[in-house]
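The values are calculated or read from the model by the stated rules, or taken from the named source; none is laboratory data. Quantities reported herein were computed from a predicted structural model and do not represent experimental measurements. As a convention, Cβ positions derive from the backbone with ideal geometry for all residues, glycine included, and neighbour counts pool all protein chains shown. Note: accessible area is taken over every heavy atom of the protein model, side chains too, but ligands, DNA and RNA are not part of it. Shrake-Rupley method; radii C 1.70, N 1.55, O 1.52, S 1.80 Å.
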Amino acid sequence: MRRAVLERRGLVSNEALYVVGSLPEASENEPNNELGAAKPVQLPLTINGRIGSAGDVDLYRFRGKRQEELVVEVVARTLRSPLDSLVRVLDAKGEVLAWNDDFAPREAGFLYTGDGQFTHHADSYLRVEFPRDGVYYVEIGDARGHGGDAYAYRLRLSEPLPDFALRVSPSSLGVPGGKTMPFTVYAMRRDGFSGAIELGLRDAPEGMVLAGGVIPAGQNQVQIETAHV
């Protein structure tokens, strides 16, 4: 996630959040609120769309193969959209295979990893395995039935893309010469990544060393020490 402000004719906008992705991008086109009008898409893909009015839903159609896994991820509230997303994966007959409203990752225990301005984990995330070859649909709407120009979203449809992000507590350390200080590193694992994570110091002051720099496979946190020798 990145932040920027826009300037025009001497005026400066409020700070805006945006995301730069690695997948191909597409834009939503109406009408697409029924199975028969679902927009055909080719995966993997990130779709930029909008729930434009109260009660609106957007549907996307694609083909899946038996035992392939699909990740459906919404980025909306974390970009300050008012959307409280609800996503569903449907088979060719319109039967619901999986759905998700709010996704709050628990891997990091009680560590809060979101934007400090929001306490509601309103963005959706799910993983589902296709039971057979055929046509499938993803539907996205607002869980409260709301909509409007501000209700924008980014919808990722792809195979799992295993990755991780790190958080450190405390977020800053002051270590006097000849002393050591413990701290905790948390791993936010994504899309099923479970491997070991090697830790190191980048651009550290001279004499600063790390002791115990690995988060073991399958674990989500480790306490280590840094020393100033």
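Taking the conditions (1) assigned to a strand (DSSP E or B); (2) out of contact with any helix residue (DSSP H, G or I) (no Cβ under 9 Å at 6 or more places or on another chain); (3) closer than 15 Å to Val138 by Cα in turn, Asn33 satisfies each one other than (1). Scanning the range 140-185 for residues that are under 23 Å from Arg80 (Cα atoms), open to solvent by 70 Å² or more (accessible area, probe 1.4 Å) and not in a strand (DSSP E or B) returns Arg144, His146, Asp149. When residues in the range 45-94 are screened for being closer than 21 Å to Leu161 by Cα, in contact with a Ser or Thr (Cβ under 6 Å, 6 or more places away or on another chain) and surrounded by 17 or more Cβ atoms within 10 Å (Cβ to Cβ), 4 of them pass.
Checking each residue in the range 1-44 for being within 17 Å of Val75 (Cβ to Cβ) and open to solvent by 100 Å² or more (accessible area, probe 1.4 Å) picks out Met1, Arg2, Arg3, Ser22.
Tell me, please, whether a residue that is touching a Ser or Thr at 6+ places or on another chain (Cβ under 6 Å) and surrounded by 11 or more Cβ atoms within 10 Å (Cβ to Cβ) can be found in the range 200-207. I'd like the intermediate steps shown before the answer.
Narrowing the range 200-207 to residues touching a Ser or Thr at 6+ places or on another chain (Cβ under 6 Å): none.
Scanning the range 200-207, I find no residue that is touching a Ser or Thr at 6+ places or on another chain (Cβ under 6 Å) and surrounded by 11 or more Cβ atoms within 10 Å (Cβ to Cβ), so the answer is no.
Determine whether Gly94 is touching a helix residue (DSSP H, G or I) at 6+ places or on another chain (Cβ under 8 Å), touching a residue at least 24 places away in the same chain (Cβ under 8 Å) and part of a loop (DSSP other than H, G, I, E, B). In short, yes. When Val214 is tested against (1) free of Cβ contacts under 8 Å to residues at least 40 places away in the same chain; (2) within 30 Å of Phe103 (Cβ to Cβ); (3) over 23 Å from the mean Cα position of the chain (by Cα); (4) open to solvent by 70 Å² or more (accessible area, probe 1.4 Å), just one condition goes unmet, and that condition is (4).
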